[in-house]
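Read-outs: derived from the displayed coordinates by stated rules, not from any lab. From a predicted model like this one, the values you see are computed outputs, not experimental measurements. For neighbour counting, all protein chains shown are included, and Cβ atoms are generated from backbone atoms with ideal geometry for every residue, glycine included.
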């Protein structure tokens, strides 16, 4: 079985053998990932394609999942995933201090604390979220939107920037 780690032209690598353990360090100018490699694995490198091949001497069911996870993880060194959240409605306020504070015409304020995220207030009604991990970004966006979900009758609340809005028709009287 083989695991192939594809490297971008902007990614560099180092092989280190220290105290009988093997390490591969994939890095850019700002960030790095350090992988500990088992001594049972053989390491091959193709310089023309910039591919690191790890040959596993035994059969493993999860090699494709591992390969996909590592390649996505390595690509996250260079890529940011971006989401925008839009507010619509009356008397909504966003305050950015150490945490984002949302005032949605309630008796209490809602606050969101984040870690390893880039949050920016673009306009009065828009915020921008950036992260290198797409799954964590989706989770934090869902938490923020669940504070005040979109009302289908009035179209007020929180939503993602390019989501489709459909307004329901209210009750009709005679």
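Divide by every residue of the chain the summed helix terms, -39500 (n - 2.57) for each DSSP H run of at least 4, and state the resulting mean residue ellipticity at 222 nm, rounded to the nearest 500 deg cm²/dmol.
So the helix-based figure for the chain works out to -4500 deg cm²/dmol.
Where a ≥ b ≥ c are the square roots of the eigenvalues of the C-alpha gyration tensor, would you call region 2-75 rounded, which needs a/c under 1.5, or, failing that, prolate if a/b is larger than b/c, or oblate?
Oblate, since a/c reaches 1.5 and b/c is not below a/b.
At a 10 Å Cβ-Cβ cut-off, how would you order 141, 49, fewest neighbours first?
Least to most surrounded, the residues fall as 49, 141.
Using a Förster radius of 30 Å, what is the FRET efficiency between residue 39 and residue 4 based on their Cβ-Cβ separation? Nearest 0.05, please.
The value I calculate is 0.90.
Against the longest principal axis of the chain, how steep is helix 134-145, in degrees 0 to 90 to the nearest 10, with axes from Cα atoms?
Between helix and principal axis, roughly 10 degrees.
Please label the shape of region 81-160 as rounded, prolate or oblate, based on the square roots a ≥ b ≥ c of the eigenvalues of the alpha-carbon gyration tensor (a/c under 1.5 means rounded; beyond that, a/b larger than b/c means prolate, else oblate).
Prolate.
Quickly rank 132-138, 26-32 as a protection proxy: mean count of other C-beta atoms within 10 Å, highest first.
Highest to lowest by the protection proxy: 132-138, 26-32.
Measure nothing fancy, just the Cα-based angle from helix 63-75's long axis to the longest principal axis of the chain, in degrees from 0 to 90, nearest 10.
Its long axis makes an angle of about 70 degrees.
In the set (i) 16.4; (ii) 42.2; (iii) 11.7, which value of mean projected area of the Cα convex hull in nm² was calculated from the structure you see?
Evaluating mean projected area of the Cα convex hull in nm² on these atoms matches (i).
Highest first, please rank the peptides 146-152, 36-42, 125-131, 167-173 by the mean number of other Cβ atoms sitting within 10 Å of their residues.
125-131, 146-152, 36-42, 167-173
Give, in nm to one decimal, the length gained when the segment between residue 46 and residue 21 is fully stretched (0.36 nm per residue of separation minus the Cα-Cα distance).
Here the segment from residue 46 to residue 21 would lengthen by 6.8 nm.
Once you have the Cα-Cα distance between residue 134 and residue 166, take 0.36 nm times their residue separation minus that, and quote the gain in nm to one decimal.
8.8 nm
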